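Derivation of every value follows stated rules applied to the coordinates shown; laboratory data play no part. All values derive from a computational prediction rather than experimental measurement. When we count neighbours, we look across all protein chains shown, and the Cβ atoms used for this are built from the backbone with ideal geometry, even at glycine.
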Amino acid sequence: MVEFPTLQFLQVLSEEEQNALAATPAHPAGLYALYASCVAGNLVEQLWNFAWPSAIALLHPSLLPVAVIGFFTKLVIIGGGPLIGKLMDHFPRVPSYICLNIVQAAAQLLSASMIIYAHSVPHSSTSSMLLRPWFIVLVLAGAVERLFGVATGVAMERDWVVLLAGINRPIALAKANAVLSRIDLLCEIAGASLFGVLLSKFDPVTCLKFAAGLMLCSLPIVVVLTWLTNKLSTGVLDRTKTSQTCCRTATGESLPEDDNIVDIGLEAIKHGWKEYIQQPVLPASLAYVLLYFNVVLTPGSLMTAFLTQRGLNPSIIGAFSGVCAFMGVAATFISANLVRQFGILKAGAVGLIFQASLLTLAVGVYWSGCLTQQSPLLFFLSLIVLSRLGHMSYDVVGAQILQTAIPSSKANIIGTTEVAVASLAESVMLGVAIVGNDTSQFGFLAMLSLLSVVGAAWMFCRWLLNPTDKQRSLFSFDPHF
């Protein structure tokens, strides 16, 4: 008589063990190296984001040069985002990321050189400045710098961190996303503060030379840390992306080698928009895009101009921007707890509803007509400050939703296309603000901003209440869903 071996029962993890596993990154050492790389890269990037408009503004009191550079940059991101995302999806991660950083640093150095040259020649009127060769080069270099900066950010936030933290470890991924957002916000505060202090003590040319030196020093550090990230994660970044090879598209078609760059670019844009629209979590992404229509009820240039017209003390205006940034840092701590308590999807709804509720109160305070007094104005600003908790919470959680649902083979092209759509939304609202540029129209702009945030919350919650089978399958690990 033949005896069969006794079947062993598979051990089922307890709830505590499942939570511990969900909170443990797949490659913790590689994740720490990634954080260090982000600190080195983001500090220089955020310093430069503050440095170039400050240095340009010192050349002429008009805001037109800065506006022209910003607007053209958004156009390049809208058109070039899908193209560079497609290229990133067809090349190995580490070499392509290093190339992106090298090009971005070169564009920053070229921009710094052009501004230094501009400060060394006699000042001209704003209209003639726009036609100068150095300004044209600055516009082009600035657009390339932002485009490649966006690409490196998408690679880190939508692809690399998912592999290092683990797509099936939601708490660890939420914590990693929170740390990346925290690094970005802290670097923004540090970079702006550092260049601001330097600018108050030294002339602009000296400050720009310091910024250029910092760019040259940080680039090799970022390259080494990038290599170290892959080494400490046992080469997980070298793995082939799912459903693709390095020379074929996601649909299995060969890349068009014989077509000109225009045809390739148009095909990439069309492919990027197609993939973006077909993604399984499109409502979550559109909710993120809708938040970019809110260009008024944020600590941006329009709010600064409005508060200045109201005669508010400049120190209070500066404190408002600083506290909003620190609220963003606080939100990165809160988002991980929200994911643990409510799950990924419900945590996103909580953040959006919280932001929409507080901004509704803020707009109500504005329309009450009592902002002529300082106390109601400060209460109005406090509501906006608190709303940043909801905004940044969804920023972190929303990124994790897309990380979970989008395969690595399409992460870059969908991520860069999303940035392009968000840039389009922001440019549309800036166009409306240009038309209604009088402070008496601020209430109308505030109402449009509020409607965009409320629309984002409504769209996300409606999607959450009517899940599809695909959605249930993607988020089956979420115990709260």
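By the count of other C-beta atoms within 10 Å, a proxy for reagent exposure, Asp238, Asp395, Asp159 are ordered fewest to most as Asp238, Asp395, Asp159. For segment 96-108, putting each phi into the Karplus relation 6.51 cos²θ - 1.76 cosθ + 1.60 with θ = phi - 60° gives couplings of 5, 5, 5, 5, 4, 5, 5, 5, 4, 5, 5, 5, 5 Hz, in residue order, rounded to whole numbers and with x for Gly and Pro. Once backbone amide H atoms are built at 1.01 Å from N, Gly166 has Ala26 as its partners under 5 Å, excluding neighbours fewer than 5 places away on the same chain. For Lys410, a cut-off of 26 angstrom between C-alpha atoms picks up these lysines, skipping any fewer than 8 places away in its own chain: Lys74, Lys86, Lys175, Lys231, Lys241, Lys270, Lys274, Lys346, Lys470.
Once the Cα-Cα distance is subtracted from the 0.36 nm per residue extended length, the Phe91 to Ser382 segment shows a gain of 100.1 nm. Where a ≥ b ≥ c are the square roots of the eigenvalues of the C-alpha gyration tensor, would you call segment 388-436 rounded, which needs a/c under 1.5, or, failing that, prolate if a/b is larger than b/c, or oblate? Cα axes put segment 388-436 in the oblate bin. Spacing of the modelled spin labels on Leu361 and Leu58, each 7 Å from Cα toward Cβ, amounts to 4.2 nm.
The Arg310 and Leu464 beta-carbon pair, evaluated with R₀ = 41 Å, returns a calculated FRET efficiency of approximately 0.60. Put simply, the convex hull of the Cα atoms in segment 27-239 casts, on average, a shadow of 11.8 nm².
Which shape class applies to segment 278-476: rounded if a/c is under 1.5, otherwise prolate when a/b exceeds b/c and oblate if not, where a ≥ b ≥ c are the square roots of the Cα gyration tensor eigenvalues? Cα axes put segment 278-476 in the prolate bin.
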